[in-house]
1. Quick check: anything in the stretch B:254-265 in contact (Cβ under 8 Å) with a residue 24 or more places away in the chain, part of a helix (DSSP H, G or I) and at the interface with chain A (Cβ under 10 Å from one of its Cβ atoms)?
2. Which residue is farthest from ligand 1 (Cβ to nearest atom), if the candidates are limited to the stretch A:179-215 and must be within 20 Å of A:Ala22 (Cα to Cα) and assigned to a helix (DSSP H, G or I)?
3. Within the stretch A:44-75, track down each residue that is more than 14 Å from chain B (Cβ to nearest Cβ), surrounded by 15 or more Cβ atoms within 10 Å (Cβ to Cβ) and within 12 Å of ligand 1 (Cβ to nearest atom).
4. Within the stretch A:214-232, take every residue that is away from ligand 2 (no atom under 16 Å from the Cβ) and over 25 Å from A:Gln31 (Cβ atoms) and give me the one that is surrounded by the fewest Cβ atoms within 10 Å (Cβ to Cβ).
5. Could you tell me which residue of the stretch A:149-173 is nearest to the other protein chains (Cβ to nearest Cβ), considering only residues that are assigned to a loop (DSSP other than H, G, I, E, B) and open to solvent by 10 Å² or more (accessible area, probe 1.4 Å)?
6. Would you mind stating whether A:Glu82 is acidic (Asp, Glu) and more than 9 Å from every other protein chain (Cβ to nearest Cβ)?
7. Quick check on A:Ala146: is it within 14 Å of chain B (Cβ to nearest Cβ) and away from ligand 1 (no atom under 16 Å from the Cβ)?
8. Can you confirm whether B:Gly200 is in contact (Cβ under 8 Å) with a residue 24 or more places away in the chain and not acidic (Asp, Glu)?
Amino acid sequence: MAEAAPLPLAADTDSLAGGGTAVDVRAVSHQFRLSGARLPVLDGIEFSAEPGEFVALLGPSGCGKSTLLRLIAGLERPTAGEIAVGGRPVDRPDPSRILVFQDPTLFPWASVRQNVTTGLEARGVLKQERGRVGEALALVGLAGFADAYPHQLSGGMAQRVALARALVNDPALLLLDEPLGKLDSLTRLTLQTELVGLWQRNGFTALLVTHDVEEALLLASRIVVFSDRPARINAEFRFDKPYPRHRDAPDLVAMRRRILGALGFAT
Amino acid sequence: MTDAAQTFDDLAIADPTSTFGGIWRSGVLAALSWAAAALITVGLPDVVPWGSAKLFAGLTAGAAAVFLVLSFVVQRLGRAGEVLRHYGPWFVAVGVWLALWELATAKFGWLPKPFFSPPHGILNVYVTDGPRLLLCIVYTLRLWSLGFLSGIVVGYGAGVALGWSKPFAYWGMPLLKLIGPVPATAWIPVTFYFFPTTFGASIFIVALASGIPVAILTASGVGSVSRAYYDVGRILGARSWYLIRRVAIPAAMPHVFVGLFMALYYSFAVLVVAEMLGAKYGLGWYIQFQTAYSGYANVYAAIIIMAVLCAGIVRLLFVVRDRLLRWQEGFI
Ligand SMILES: Nc1ncnc2c1ncn2[C@@H]1O[C@H](COP(=O)(O)OP(=O)(O)O)[C@@H](O)[C@H]1O
Ligand SMILES: [Mg+2]
């Protein structure tokens, strides 16, 4: 199956543009219990994001980035510290802050349309907001695939459906856990551009976990670098450049070198 | 015609499903074998008369005529013709089998009455005992559907509860694991004591046999749903009830169908046993009743009906499964 057409960014779908929210992570530490032993994963994480900001979280594999996103999403409670989104403490999942995983995790038994409908239906607002489903699918360029089943989609299309399934709820905070990590490099490039487009038009706050420094620099205006497990914040970089950005722009290349240095790779 | 095409044609002659000079070979052979069965049935006298010999000969001769016509027109029948051609060798074999069966039983008496019956003896049962057999079919289907449906409904509900709820699993799973392996027929003596009517007891036995595999497989299906799906549901604002309905239940569906197929076979097995114990009608009862009077032709006749019924029900469940599990990879 071919990849879908480029995004219609100027689409008349403005009901999906609700703006962003602030994120405050205060002295958060977290441990898991693994067969009796304690495994400290996060150690005194302290950072915040402004409404509408696009922040990238970089760090070595296994340091605790996914765990941090799960905590912010409210799937788990931190062992210590506090997390607030929009000024309110996080104590359970809420469709105003949605986590998109590396695996699209679409429900294989449900059609694309039913997958995208899930959030509206679960909250009991499907009747009033049914129109959004079509809008969200159009937004990710999959209007023609509403009745397809997940196994009929390519990896890139499946991840687009996962994005539509999140955006249909008009989240104020989008948590992206290596959402492009498993895609081939060309699909990845396309979706990076699309992600910026969606963020610019919808105005949500975005926290993107990635292990790709270049991806972080193409998308985010701030980059937070974590240490090895247990994760601490090693460094933060501001990169306020206009979009679209180019991977070989001199300032991007220079910043890339600095970040790799902070990650412990001398270049 | 090229050489390659020529070779291909030669090969095709060796293939029994093929046609030769526009004539369907297996069709002609089937016509011959069925005609032979008809001739043997009317041409030779029965050692001991069985009845309905002429009717059977007429039916097989009719079939032979149909095969003969089909031999010439089968190519023009499209999809149905393809199916017919696929089963061509089977049609031939059944005709041969009927002819040999006639010879070995009614005509030469190698396989003696009453333990063996020629095909027209079985046909005679349907002719002479039709109404009673029909009644038995109705009784059997009533017992089976009541028992099977109540069994799978209760088993499914219990399975969802056991797979979903920790307290249910804590108290229920050990019981299910202990009781589950006991053959349902072992309960027969006690259930007939506990239930006021035989019919109630029979329904319970069939329900027990069908309910337990469905409960076990449903529980394991619901219990093995990937946590990632629940995480997605919770993130999108779903509460428990929604997660059960829209995540746990559809995700467990492939397991549930394995349980349903097991339930079908178990239910058939106990159905007959249950009917042999004090039922008034039903195919199981019929078999037992006729055995007592050495009516083995009647027993074969009932077994054939049962085979057709059970195979039909299994087929039906396959159709339902293929429709409901369309979403699984490889189904489309
Ligand atoms: N549910 C869990 N139970 C126990 N250990 C876990 C659990 N989830 C993650 N971990 C451990 O926590 C560490 C950090 O995991 P994760 O947050 O997924 O890292 P990252 O996303 O940065 O690669 C890993 O060592 C992982 O094995
Ligand atoms: Mg991770």
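1. yes
2. Step one: list which residues in the stretch A:179-215 are within 20 Å of A:Ala22 (Cα to Cα), which gives A:195-196, A:198-209.
After this cut, where a residue has to be assigned to a helix (DSSP H, G or I) as well, the list is A:195-196, A:198-202.
Working: A:Leu195: 19, A:Val196: 23, A:Leu198: 23, A:Trp199: 22, A:Gln200: 27, A:Arg201: 28, A:Asn202: 25 Å.
Residue satisfying both the conditions and the ranking: A:Arg201.
3. Residues satisfying the conditions are A:Ile45, A:Leu57, A:Leu58, A:Gly59, A:Pro60, A:Cys63, A:Gly64, A:Lys65, A:Leu68.
4. Out of the qualifying residues, it is A:Glu214.
5. In this case the residue turns out to be A:Tyr149.
6. Criteria met by A:Glu82.
7. no
8. Values: in contact (Cβ under 8 Å) with a residue 24 or more places away in the chain: no; not acidic (Asp, Glu): yes.
In short, no.
The values are calculated or read from the model by the stated rules, or taken from the named source; none is laboratory data. On a predicted model such as this, the values are computed, not experimentally measured, just so you know. Cβ atoms come from the backbone with ideal geometry, glycine included; neighbour counts cover every protein chain shown. Areas reflect the complete protein model, heavy atoms only, side chains present, ligands, DNA and RNA absent. Shrake-Rupley method; radii C 1.70, N 1.55, O 1.52, S 1.80 Å.
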